[in-house]
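Notes to accompany the following structure.
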Amino acid sequence: MATQKYDSFKDLRKGKYDWKVQARVMNLWRGYTKKGEPFKAFNLLLLDSKRCRIHAFVPGHVADLLEPSIEAGKIYLFKNFTVKEYKEEEKFRCILKDIQIIFSNETKISSLEENEVCIDKAGFDFYDLADLKELSTQITYLTDVIGVIQDHDGLRLARFNNRLGQPQTQIKFTITDGKTNVNVTFWDQLAKHFDEAIREEDFETPLIIKIGCGRVTKWKEEVDVSNVGATSFYINYNHHCVSLLRTMLSENHIQKFKKSMVKKEPPRQITIQEIKELGYDDIEVEKINTCLCGPRDVPYPDKWYNLCIRATDDTAEIDIVLENVAGQKCYGKHAYEMLDKIDENVFPEGLKTIEGKEYTMKLAKKGNSYVAKDVSHVIDFENFTTENEDAQPRPIQESYGEGSTTTYHLESMSENN
């Protein structure tokens with residue numbers, strides 16, 4: 001019997017209706033009227049087997065028909081839906097896409113067992129905490145972030161009446177990634193869920209939180225991540241990014257930072273020969289004039305970039321390891337998009353497209369190797385500013401976890417190796 005073919009959300013386009021996608025429901029939420037009454041229509045955040053997410057909208061006239069068939073965290077086969085572009089005024093989009101899918105009374109939803117299809121429990125597009133300042137000026141997109149919660153023992157719910165006399169609840173805390181501190185404010189029901197979670201569960205400390213679909217704002221000139229209907233949180237999640245932060249904590253690479261951070265001096269341009277003469281603490285940013293792909297490609301099992309390249313300028317040459325984030329910025333694609341269908345015995349031609357191009361790289365010394373931690377097109381150092389003028393920075397990483405609920409998830413990392 002021939003294997004049935006299914007679509008992926010990454011292939012969606014307008015003009016087709018008979019889509020068939022196997023996907024997991026990551027989250028389900030409703031909007032509310034100004035009076036606090038929930039709309040009949042509801043929203044879904046879906047994740048397919050190709051690790052592609054999409055926002056699905058279920059209109060009110062079919063909500064009663066379809067909602068009994070859907071449970072957050074479960075896997076389903078979704079058939080027959082339309083693809084629609086967002087309107088310009090539609091805000092708080094949970095993913096960086098210009099399209100959403102719309103269900104109708106022709107949409108069919110069939111439950112699938114976990115062993116029928118391999119789909120991650122959750123997926124995220126993490127942003128560097130340092131990039132959130134630029135995101136705070138827009139309301140089109142929501143944001144996924146990860147960080148270590150500082151001083152969680154002192155967290156308490158605050159209850160008060162707002163300026164309209166309506167009762168509200170909030171909880172405030174600070175997260176850090178070892179370089180940047182960011183304030184977080186959860187409101188109302190999510191604040192209560194968070195407070196209950198950190199008080200009732202036995203977990204390893206300090207807590208590491210992943211916030212999905214957070215709203216980035218500013219309060220008193222400081223960046224603040226708050227919540228909307230689509231927002232969820234995950235504490236001590238079973239995921240490699242959490243494990244990495246836990247390792248950094250154990251090695252004292254993450255410490256408490258003062259609120260007022262000293263503004264960094266602009267990096268200076270140096271040659272490759274000068275790089276070789278520098279110590280570990282001196283390496284900041286350098287201009288790479290020519291970048292040549294080497295013969296080695298060692299992607300992670302889930303297809304991450306980890307390439308050995310040789311870079312040259314007028315003074316010398318140097319071998320550099322191009323890790324996943326830097327690789328995404330060079331190629332403009334995730335590794336699984338570029339390497340989805342390759343012959344393991346042949347070096348992928350697509351990886352050679354960076355040959356001969358000029359880049360500016362931020363390097364770190366790792367053993368006897370240099371690792372590219374960040375990459376951009378050549379910087380004009382004479383007019384360089386430390387303020388990022390890009391109002392919509394790209395995610396630093398797209399990654400996928402191994403456990404999920406609709407609103408929050410706690411899991412002690414002591415059980416994970």
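Could you check how many residues of segment 85-101 are surrounded by 14 or more Cβ atoms within 10 Å (Cβ to Cβ) and assigned to a strand (DSSP E or B)?
Of the residues in that region, 4 qualify.
Please pick out the residue among 135, 142, 112 that is crowded, with 17+ Cβ neighbours inside 10 Å, touching a residue at least 60 places away in the same chain (Cβ under 8 Å), among the hydrophobic types (A, V, I, L, M, F, W, C) and within 30 Å of residue 17 (Cβ to Cβ).
142
For residue 104, are the conditions met, namely being in contact with a strand residue (DSSP E or B) (Cβ under 8 Å, 6 or more places away or on another chain), open to solvent by less than 90 Å² (accessible area, probe 1.4 Å) and assigned to a loop (DSSP other than H, G, I, E, B)?
yes
Out of everything in segment 145-165 that is touching a residue at least 60 places away in the same chain (Cβ under 8 Å) and either among the β-branched types (Val, Ile, Thr) or closer than 25 Å to residue 31 by Cβ (or both), what residue ends up being surrounded by the fewest Cβ atoms within 10 Å (Cβ to Cβ)?
Looking at residues that are touching a residue at least 60 places away in the same chain (Cβ under 8 Å) and either among the β-branched types (Val, Ile, Thr) or closer than 25 Å to residue 31 by Cβ (or both), I get 149.
Looking at segment 3-15 only, could you name the residues that are in contact with a Lys or Arg (Cβ under 6 Å, 6 or more places away or on another chain) and either open to solvent by 50 Å² or more (accessible area, probe 1.4 Å) or not in a loop (DSSP other than H, G, I, E, B) (or both)?
Of everything in segment 3-15, those that are in contact with a Lys or Arg (Cβ under 6 Å, 6 or more places away or on another chain) and either open to solvent by 50 Å² or more (accessible area, probe 1.4 Å) or not in a loop (DSSP other than H, G, I, E, B) (or both) turn out to be 6, 7, 10.
What do you reckon, is residue 168 farther than 26 Å from residue 22 by Cβ and part of a strand (DSSP E or B)?
yes
Which is at pLDDT 60 or above, in contact with a strand residue (DSSP E or B) (Cβ under 9 Å, 6 or more places away or on another chain) and closer than 22 Å to residue 274 by Cβ, of 357, 329?
On inspection, the qualifying residue turns out to be 357.
Which residues, counting only those in segment 121-132, are part of a loop (DSSP other than H, G, I, E, B) and either open to solvent by less than 40 Å² (accessible area, probe 1.4 Å) or without any contact (Cβ under 8 Å) to a residue 40 or more places away in the chain (or both)?
Residues satisfying the conditions are 127, 128.
Considering each residue of segment 314-328, count those that are surrounded by fewer than 19 Cβ atoms within 10 Å (Cβ to Cβ) and of a type outside the set (Val, Ile, Thr), and give that number.
Summing the residues that are surrounded by fewer than 19 Cβ atoms within 10 Å (Cβ to Cβ) and of a type outside the set (Val, Ile, Thr) in segment 314-328 gives 4.
Which numbered condition trips up residue 18, out of (1) open to solvent by 60 Å² or more (accessible area, probe 1.4 Å); (2) part of a helix (DSSP H, G or I); (3) among the acidic types (Asp, Glu)?
Evaluating residue 18 over (1) open to solvent by 60 Å² or more (accessible area, probe 1.4 Å); (2) part of a helix (DSSP H, G or I); (3) among the acidic types (Asp, Glu) leaves (2) as the failure.
Would you confirm whether or not segment 54-64 contains a residue that is part of a loop (DSSP other than H, G, I, E, B), modelled with pLDDT of 95 or more and aromatic (Phe, Trp, Tyr)?
no
Checking the conditions here, which among 9, 92 is under 21 Å from the mean Cα position of the chain (by Cα), over 20 Å from residue 231 (Cα atoms) and aromatic (Phe, Trp, Tyr)?
9
What residue, of 204, 221, is out of contact with any strand residue (DSSP E or B) (no Cβ under 9 Å at 6 or more places or on another chain) and free of Cβ contacts under 8 Å to residues at least 24 places away in the same chain?
Sole residue among the options that is out of contact with any strand residue (DSSP E or B) (no Cβ under 9 Å at 6 or more places or on another chain) and free of Cβ contacts under 8 Å to residues at least 24 places away in the same chain: 221.
Can you pull out every residue in segment 199-220 that is open to solvent by less than 10 Å² (accessible area, probe 1.4 Å) and touching a helix residue (DSSP H, G or I) at 6+ places or on another chain (Cβ under 8 Å)?
Selection gives 207, 208, 210, 216.
Among the residues of segment 28-53, which ones are outside any strand (DSSP E or B) and within 25 Å of residue 190 (Cα to Cα)?
30, 31, 33, 34, 35, 36, 37, 39, 40, 41
Yes or no: segment 194-211 includes at least one residue that is closer than 11 Å to residue 147 by Cα, of a type in the set (Lys, Arg) and in contact with a His (Cβ under 8 Å, 6 or more places away or on another chain).
Yes, segment 194-211 contains a residue that is closer than 11 Å to residue 147 by Cα, of a type in the set (Lys, Arg) and in contact with a His (Cβ under 8 Å, 6 or more places away or on another chain).
Can you tell me which residue in segment 173-197 is most open to solvent (accessible area, probe 1.4 Å), limited to those that are touching a Leu at 6+ places or on another chain (Cβ under 8 Å) and assigned to a strand (DSSP E or B)?
Only one residue tops the list, namely 181.
The values are calculated or read from the model by the stated rules, or taken from the named source; none is laboratory data. Every value quoted in this text rests on a predicted model; they were computed, and no experiment measured them. Because the Cβ atoms are built from the backbone with ideal geometry, glycine has one as well, and the counts that use them run over all protein chains shown. Note: areas computed on protein heavy atoms with side chains; ligands, DNA, RNA excluded. Shrake-Rupley method; radii C 1.70, N 1.55, O 1.52, S 1.80 Å.
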